[in-house]
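The values are calculated or read from the model by the stated rules, or taken from the named source; none is laboratory data. What you see is a predicted model; the values in this text were computed from it and never measured. We place every Cβ from the backbone using ideal geometry, glycine too, and count neighbours over all the protein chains shown.
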Amino acid sequence: MQKGYNYVSFMNPNAPKDFTFDAETDARIRHDYDLTLSELLGEHFLKTSKDFMEKQGLLHRTQTYGLNMDMMSIAGLASIPEMESMLASEANMKIVSSGAHLYNRPLVSSESVVFINRAYMTTPQKTRLAVDKLFAAGANQIIYHGIPYRYFPKDFAKEGWYPFSSSVLGMVNFSSNYGESDIFWKYQKDINQYIQRTQYALRAGKAKTDVLIYFPYMNVDKMPENPTEIMAMGEMVGVEPPLAKAKEQVDEKSKWAEKTWELINQLEAKGITWEWVNDKSIQEAKLTNDKQINIRGNIYQALILSDNSTIELQSAQQIAKLASQGMKFLNSGNLPKKQPSFLNWEENDKKVATLLKSAIQQKNSTQITEKEQVDTWIATLKQTVKFNDSYHFTRQIQREMNDESRIQFIWNKSDQWQTISLSLDKKYTGSYWLNAEDGTITQNANQSKASYQIPPYSSVILYASTKPITDNSLLSKAPVSPTNAKTLLNIEKWAIEADTLKVTNSHLFDWKTNNSFKHLGIEAIYKSSFEINEIDSKKHYLLDLGKVYHTAEVFINGKFAGKRINPPYTLAVDKYLQKGINKIEVRVLPTLLNHFIVEAVKGNSHYRQFKKMDGQLMSNGLVGTVKILEVKE
């Protein structure tokens with residue numbers, strides 16, 4: 001026996017002051033307490049706040065996580081439920097967006113690009129990665145966690161006031177500084193335009209989700225990250241100093257998460273959209289005439305239980321009822337054999353086991369125990385936009401219009417170029433790729449097929465329309481891709497200037513590996529030249545900068561050829577090249593972190609909060625390899 005939580009004495013002051021429970025009884029009583037607290041305090045408070053504010057013509061936005069409450073239900077009680085980048089796990093983000101969609105909240109906000117212990121590590125590339133992860137998880141309103149104005153108190157560094165990392169409060173360390181003192185400020189408009197275009201598209205229609213996965217816990221805290229996630233807790237692996245690794249836990253939730261993430265990753269690779277579902281929503285579910293699941297007007301093809309040990313009795317009753325009526329139901333692994341409540345637990349546990357055993361035996365129900373069986377089951381789902389292969393590099397979100405047109409945001413979370421191929425339902429009479437970075441729209445020539453080469457760490461939006469675009473002025477030519485290009489030449493030797501520091505005839509390197517450059521916090525100018533013997537008018541020419549930390553502005557033969565602030569670091573340079581000798585100049589901006597660290601080590605009190613980071617440097621500079629590529633038309 002172990003000492004349990006004294007919930008009984010909390011609710012009854014006249015009860016004995018000390019109780020001992022076995023672990024299972026303790027968990028059941030804790031569940032009943034948390035559920036009561038959720039309903040009496042959390043949900044009542046949020047509903048009262050929302051109703052009061054909306055009567056005044058205001059919208060109630062709140063971050064609905066962090067407590068032992070039904071977070072999906074609470075998300076549904078906000079006018080605008082909000083997630084947060086700092087809780088960077090896919091599980092946390094999807095809890096909020098799932099609740100928003102289940103309860104018909106059209107806006108899903110996010111406090112964005114804020115990470116603990118990551119001050120001055122935010123670059124345009126990191127911003128792009130962070131917001132794409134949010135978009136793919138269901139956010140469609142980005143709100144920066146940053147500073148929009150400048151203030152210069154006398155006791156602060158020359159960069160001015162930044163409350164989330166200062167010498168005054170050394171223990172406070174958060175990103176990101178989206179103000180005029182940020183070294184990347186001049187690129188903020190470009191970043192904002194990408195976000196504006198994407199979130200505009202993701203507010204069209206309503207969320208379209210294929211399957212629901214039952215989330216069996218009151219709280220998502222300590223839910224392990226998906227093993228395939230990037231930017232977990234905001235760390236760009238290999239670019240930034242590593243975060244301290246939390247001690248791995250082995251408990252019921254972590255074991256459940258391991259198996260559930262494996263299932264989810266298989267769904268994602270096949271283009272199946274998923275969301276969590278809570279008990280209250282299952283208990284309100286009905287079936288449409290074609291046996292799909294209807295929850296508050298939202299339609300889903302199937303319900304999945306993933307190796308759960310526990311489910312509420314009322315949910316088990318509803319699942320058994322809907323399964324008998326023809327609902328598509330999948331159970332992966334073990335069926336739940338108990339319910340979480342302390343009330344009549346022995347009797348009710350038996351009821352749960354009996355109900356779900358009956359549900360899994362119905363015509364449209366499937367029990368799987370091996371991962372190889374998942375793809376077979378996925379093939380039974382209807383997909384109007386179907387992945388033609390397993391694409392493990394993707395995360396996506398789908399929106400459906402009133403006319404059944406489809407908006408599909410597809411994120412390539414890998415650091416490589418990836419090709420995606422899709423098959424389209426015949427109801428779509430036109431399909432288009434929307435590039436939110438530059439605002440261009442390109443049309444697919446094949447009505448039933450669509451393919452796209454997605455750059456590393458980038459995204460694209462598919463618009464599959466039941467009404468084709470008839471105004472050709474809106475359409476652009478497909479971009480030239482470097483994936484099938486031939487390397488014409490490498491540019492290997494460079495002259496590099498940064499303030500008074502100059503080197504010549506140098507190979508490219510990451511600044512953090514070079515004693516002269518590793519603590520710089522200013523723009524560097526790279527200069528070189530290359531020779532082209534012949535320029536073929538039937539070919540396209542690209543400049544591939546390779547790895548860049550973190551932004552690049554390019555001049556060729558004295559003319560501005562373009563800029564890149566995130567991958568791909570490639571530019572079309574046809575019109576800037578000339579036969580013979582060509583001169584190239586690349587201007588690169590680093591982060592300020594490394595410079596602040598050396599200032600702290602030297603004893604500058606304005607940066608003393610960075611002294612403990614001595615040696616923890618970020619990558620900076622043009623690393624390459626820089627190539628000139630040629631592509632046949």
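The residue that is modelled with the lowest pLDDT, counting only those in region 320-340 that are touching a Leu at 6+ places or on another chain (Cβ under 7 Å) and closer than 9 Å to Ala359 by Cβ, is Leu335.
The rows are residues; the columns are (1) in contact (Cβ under 8 Å) with a residue 40 or more places away in the chain; (2) surrounded by fewer than 17 Cβ atoms within 10 Å (Cβ to Cβ); (3) at negative phi.
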| site | (1), (2), (3) |
| --- | --- |
| His507 | no, yes, yes |
| Ser528 | yes, no, yes |
| Ile535 | yes, yes, yes |
| Leu545 | yes, no, yes |
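Among residues of region 83-109 being modelled with pLDDT of 95 or more and over 22 Å from Ala285 (Cβ atoms), the one that is surrounded by the fewest Cβ atoms within 10 Å (Cβ to Cβ) is Leu107.
Just to be sure before I move on: is Ile95 among the hydrophobic types (A, V, I, L, M, F, W, C), assigned to a loop (DSSP other than H, G, I, E, B) and outside the structural domain of Ala524 (by TED's automatic domain parsing) in the structure I sent? No, not satisfied.
Residues in region 348-386 that are assigned to a loop (DSSP other than H, G, I, E, B), buried (at least 16 other Cβ atoms within 10 Å of the Cβ) and of a type in the set (Val, Ile, Thr): Ile360, Thr384.
Taken over region 451-491, the criterion of being more than 27 Å from Ile397 (Cβ to Cβ) and in contact (Cβ under 8 Å) with a residue 60 or more places away in the chain is satisfied by Val480, Pro482, Asn484, Ala485, Lys486, Thr487, Leu488, Leu489, Asn490, Ile491.
The residues of region 183-237 that are touching a Gly at 6+ places or on another chain (Cβ under 8 Å) and β-branched (Val, Ile, Thr) amount to a single one, Ile183. Filtering region 551-578 to residues that are touching a Phe, Trp or Tyr at 6+ places or on another chain (Cβ under 8 Å) and of a type in the set (A, V, I, L, M, F, W, C) leaves Ala552, Val554, Ile556, Ala561, Ile565, Ala572, Val573, Leu577. Any idea which of Tyr194, Tyr187 is touching a Pro at 6+ places or on another chain (Cβ under 6 Å), under 24 Å from Thr123 (Cβ atoms) and either surrounded by fewer than 20 Cβ atoms within 10 Å (Cβ to Cβ) or modelled with pLDDT of 95 or more (or both)? Residue meeting the stated conditions: Tyr187.
I'm trying to understand the selection: among the residues of region 332-347, which are outside any loop (DSSP other than H, G, I, E, B) and closer than 18 Å to Leu305 by Cβ? Scanning region 332-347 gives Ser332, Lys338.
Residues checked against (1) without any contact (Cβ under 8 Å) to a residue 60 or more places away in the chain; (2) of a type in the set (D, E, K, R); (3) out of contact with any strand residue (DSSP E or B) (no Cβ under 8 Å at 6 or more places or on another chain):
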site: Gly76; (1), (2), (3): yes, no, yes
site: Ile80; (1), (2), (3): no, no, no
site: Met83; (1), (2), (3): yes, no, no
site: Ser89; (1), (2), (3): no, no, yes
site: Asn92; (1), (2), (3): no, no, no
site: Tyr103; (1), (2), (3): no, no, yes
site: Val108; (1), (2), (3): yes, no, no
site: Tyr120; (1), (2), (3): no, no, yes
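For Gln447, are the conditions met, namely being touching a helix residue (DSSP H, G or I) at 6+ places or on another chain (Cβ under 8 Å), in a loop (DSSP other than H, G, I, E, B) and without any contact (Cβ under 8 Å) to a residue 40 or more places away in the chain? So Gln447 fails the test. Residues in region 229-240: is at least one within 30 Å of Ile295 (Cα to Cα) and part of a loop (DSSP other than H, G, I, E, B)? Scanning region 229-240, I find at least one residue that is within 30 Å of Ile295 (Cα to Cα) and part of a loop (DSSP other than H, G, I, E, B), so the answer is yes.
Counting residues that are surrounded by 23 or more Cβ atoms within 10 Å (Cβ to Cβ), which strands (runs of 3 or more DSSP E) fully inside region 282-331 reach at least 2?
302-306
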